[in-house]
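Chemist: Below is one structure. I have some questions about it.
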Amino acid sequence: MTTNLTTGELLREGIRLLAPALAQPQLDAELLLAHALETHRARLRSHPEEGRGPHERTRYLELVERRVRGEPLAYLVGHKAFWSLELAVGPGVLVPRPETELLVERALALRPEATGEAADLGTGSGAIALALARERPGWKIAATDLSEQALAVARRNARDLCIGNVELLAGDWFAPLAGRRLQLVLSNPPYIPGGDPALEAPPLRFEPSMALAAGPDGLAHIRKIVRDAPNHLQRGGWLLLEHGATQAADVARELVVRGLSHVRSHRDLAGHERMTEARWG
Ligand code: GLN
């Protein structure tokens with residue numbers, strides 16, 4: 001005979017299993033249980049005595065087990081908050097990180113105009129392009145990605161969020177923007193050195209390597225973008241790049257060598273120099 005468990009008991013079981021792997025097991029346990037039961041966290045808290053069947057328990061424990069092995073929570077529940085948006089995500093796209101919001105913040109500060117044209121290179125889930133599009137409905141934003149899988153996720157996000165001013169284009173970095181010059185170009189490209197052991201560990205191990213690894217020093221894609229930027233920026237246009245915590249000086253050098261000016265790096269909330277901006281002309 002299978003004994004049914006209550007919601008509260010399931011939650012405690014999940015917390016116990018997650019505790020060795022996570023600093024804050026309660027939050028993940030609640031989010032996974034709410035997902036498995038197709039309900040909201042608030043309901044778990046207000047009705048801990050609700051009985052749950054063996055299938056619900058199995059579904060929940062499978063998710064808990066995958067989380068213990070390091071799979072990103074966002075892949076397990078299928079969405080992630082970024083800026084003011086709730087984005088659908090899956091294993092075909094990088095999970096948007098809070099530090100990437102810094103690019104959006106700087107873009108809004110540098111370009112207060114109500115209209116203009118921008119591009120987000122390697123958009124993945126569409127996070128940067130969609131956040132900017134939501135804040136600047138009068139701007140036209142091109143979002144490129146080499147991965148068809150990523151473009152499908154970004155397209156779904158644009159549709160679900162009713163954001164109409166993002167144009168999704170297939171291709172490598174600037175390739176789909178031949179002949180076009182923009183006022184603003186943003187990118188969170190791959191920037192992790194290929195041999196970095198972090199790529200083999202959770203959470204990166206579960207994420208697309210084409211969104212993460214970038215040659216021996218991690219700068220291969222940043223160099224390509226910087227090299228082509230002068231062909232795609234209007235005079236006075238800005239390029240904003242996310243990069244690794246130790247790459248600011250190298251990125252600044254590339255920008256200066258290619259003739260960009262007003263080069264300035266910014267720290268994320270963890271205190272790491274996480275992005276660099278520069279102006280063309
Ligand atoms: N910020 C991610 C990380 O280090 C990497 C993202 C990227 O390579 N663009 O976990």
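Chemist: Residue under question is Ala220, and the condition is that it be of a type in the set (A, V, I, L, M), touching a residue at least 60 places away in the same chain (Cβ under 8 Å) and over 23 Å from Glu101 (Cβ atoms); does it hold? So that I can check it myself, show each step before the final result.
Modeler: Details: of a type in the set (A, V, I, L, M): yes; touching a residue at least 60 places away in the same chain (Cβ under 8 Å): no; over 23 Å from Glu101 (Cβ atoms): yes.
Criteria not met by Ala220.
Chemist: Of all residues in region 121-142, how many are surrounded by fewer than 24 Cβ atoms within 10 Å (Cβ to Cβ) and either touching a Lys or Arg at 6+ places or on another chain (Cβ under 6 Å) or not small (Gly, Ala, Ser) (or both)?
Modeler: So the answer is 6.
Chemist: Given the options Ile222, Ile141, name the one that is outside any loop (DSSP other than H, G, I, E, B), touching an Asp or Glu at 6+ places or on another chain (Cβ under 7 Å) and within 11 Å of the ligand (Cβ to nearest atom). Can you show your working first?
Modeler: Values: Ile141 fails: within 11 Å of the ligand (Cβ to nearest atom).
Going through Ile222, Ile141 in turn, the sole match is Ile222.
Chemist: So, in region 108-138, of the ones that are among the charged types (D, E, K, R) and in a strand (DSSP E or B), which residue ends up nearest to Glu86 (Cα to Cα)?
Modeler: Just the residues of region 108-138 that are among the charged types (D, E, K, R), to begin with: 111, 113, 117, 120, 134-136.
Next, from what is left, pick out any that are in a strand (DSSP E or B): 117, 120.
Details: Glu117: 24, Asp120: 18 Å.
Per the criteria, the residue is Asp120.
Chemist: Just the residues that are within 19 Å of the chain's Cα centre (by Cα) and either within 12 Å of the ligand (Cβ to nearest atom) or in a loop (DSSP other than H, G, I, E, B) (or both), please, taken from region 172-185.
Modeler: Asp172, Trp173
Chemist: Taking the conditions exactly as written (touching a Phe, Trp or Tyr at 6+ places or on another chain (Cβ under 8 Å), modelled with pLDDT of 95 or more, buried (at least 21 other Cβ atoms within 10 Å of the Cβ) and among the hydroxyl-bearing types (Ser, Thr, Tyr)), does Thr115 satisfy them or not?
Modeler: Values: touching a Phe, Trp or Tyr at 6+ places or on another chain (Cβ under 8 Å): yes; modelled with pLDDT of 95 or more: yes; buried (at least 21 other Cβ atoms within 10 Å of the Cβ): no; among the hydroxyl-bearing types (Ser, Thr, Tyr): yes.
No, not satisfied.
Chemist: Further question: In the set Leu22, Leu44, which member is surrounded by 18 or more Cβ atoms within 10 Å (Cβ to Cβ) and more than 16 Å from Glu62 (Cα to Cα)?
Modeler: On the way: Leu22 fails: surrounded by 18 or more Cβ atoms within 10 Å (Cβ to Cβ).
Matching residue, one of Leu22, Leu44: Leu44.
Chemist: While we're looking at this one, here's another question. Among (1) part of a helix (DSSP H, G or I); (2) within 16 Å of the ligand (Cβ to nearest atom); (3) farther than 18 Å from Pro96 by Cα; (4) of a type outside the set (Ser, Thr, Tyr), where does Met210 come up short?
Modeler: (3)
Chemist: Within region 109-120, can one find any residue that is out of contact with any Lys or Arg (no Cβ under 7 Å at 6 or more places or on another chain), in contact (Cβ under 8 Å) with a residue 12 or more places away in the chain, at positive phi and within 16 Å of the ligand (Cβ to nearest atom)?
Modeler: no
Chemist: Related question: When both residues are 6+ apart or on different chains and their Cβ atoms are under 6 Å apart, which pairs have a first residue that lies in region 225-253 and is in a strand (DSSP E or B), and a second that is more than 15 Å from the ligand (Cβ to nearest atom) and at pLDDT below 95?
Modeler: Short answer, once both residue conditions are applied: Arg235/Gly281; Gly236/Gly281.
Chemist: I've got another one for you. Taking the condition of being within 23 Å of Ala150 (Cβ to Cβ) and either within 16 Å of the ligand (Cβ to nearest atom) or surrounded by fewer than 18 Cβ atoms within 10 Å (Cβ to Cβ) (or both), how many residues in region 232-242 meet it? Outline the logic, then answer.
Modeler: Initial filter on region 232-242 (within 23 Å of Ala150 (Cβ to Cβ)): 232, 239-242.
Filter again for either within 16 Å of the ligand (Cβ to nearest atom) or surrounded by fewer than 18 Cβ atoms within 10 Å (Cβ to Cβ) (or both), leaving 239-242.
Residues flagged as within 23 Å of Ala150 (Cβ to Cβ) and either within 16 Å of the ligand (Cβ to nearest atom) or surrounded by fewer than 18 Cβ atoms within 10 Å (Cβ to Cβ) (or both) within region 232-242 amount to 4.
Chemist: Hey, any hits in region 147-167 for a residue that's buried (at least 22 other Cβ atoms within 10 Å of the Cβ), assigned to a strand (DSSP E or B) and more than 16 Å from the ligand (Cβ to nearest atom)?
Modeler: Yes: one or more hits.
Chemist: Looking at Ala229, Ala245, Ala211, Ala252, which one is surrounded by fewer than 16 Cβ atoms within 10 Å (Cβ to Cβ), at pLDDT 95 or above and not β-branched (Val, Ile, Thr)?
Modeler: On the way: Ala229 fails: surrounded by fewer than 16 Cβ atoms within 10 Å (Cβ to Cβ); Ala211 fails: surrounded by fewer than 16 Cβ atoms within 10 Å (Cβ to Cβ); Ala252 fails: surrounded by fewer than 16 Cβ atoms within 10 Å (Cβ to Cβ).
Just a single option satisfies the conditions, and that option is Ala245.
Chemist: Could I ask something else about it? Within region 57-86, count every residue that is of a type outside the set (A, V, I, L, M, F, W, C), in a helix (DSSP H, G or I) and either under 30 Å from Ala131 (Cα atoms) or touching a helix residue (DSSP H, G or I) at 6+ places or on another chain (Cβ under 7 Å) (or both). Walk me through it before giving the result.
Modeler: First pass over region 57-86, keeping only residues of a type outside the set (A, V, I, L, M, F, W, C): 57-60, 62, 65-67, 69-72, 75, 78-80, 84, 86.
Checking the rest, the ones that are also in a helix (DSSP H, G or I) come to 57-60, 62, 65-67, 75.
Adding the requirement that they be either under 30 Å from Ala131 (Cα atoms) or touching a helix residue (DSSP H, G or I) at 6+ places or on another chain (Cβ under 7 Å) (or both) leaves 57, 59-60, 66-67, 75.
Qualifying residue count, region 57-86: 6.
Chemist: Does at least one position in region 100-107 carry a residue that is assigned to a helix (DSSP H, G or I), more than 16 Å from the chain's Cα centre (by Cα) and closer than 17 Å to Gly237 by Cβ?
Modeler: Step one: filter region 100-107 for residues assigned to a helix (DSSP H, G or I), giving 100-107.
Imposing the further condition that a residue be more than 16 Å from the chain's Cα centre (by Cα) reduces the set to 106-107.
Okay, now just the ones that are also closer than 17 Å to Gly237 by Cβ, so 106-107.
Yes, there is a match, as at least one residue in region 100-107 is assigned to a helix (DSSP H, G or I), more than 16 Å from the chain's Cα centre (by Cα) and closer than 17 Å to Gly237 by Cβ.
Chemist: State yes or no: is Gly195 assigned to a loop (DSSP other than H, G, I, E, B), within 16 Å of the ligand (Cβ to nearest atom), without any contact (Cβ under 8 Å) to a residue 24 or more places away in the chain and exposed (fewer than 14 other Cβ atoms within 10 Å of the Cβ)? Write out each step before concluding.
Modeler: Values: assigned to a loop (DSSP other than H, G, I, E, B): yes; within 16 Å of the ligand (Cβ to nearest atom): yes; without any contact (Cβ under 8 Å) to a residue 24 or more places away in the chain: yes; exposed (fewer than 14 other Cβ atoms within 10 Å of the Cβ): yes.
Spelling it out, Gly195 is indeed assigned to a loop (DSSP other than H, G, I, E, B), within 16 Å of the ligand (Cβ to nearest atom), without any contact (Cβ under 8 Å) to a residue 24 or more places away in the chain and exposed (fewer than 14 other Cβ atoms within 10 Å of the Cβ).
The values are calculated or read from the model by the stated rules, or taken from the named source; none is laboratory data. What you see is a predicted model, and the numbers here were worked out from it, not measured in a lab. In this analysis, Cβ positions are derived from the backbone assuming ideal geometry, glycine residues included, and neighbour counts consider all displayed protein chains.
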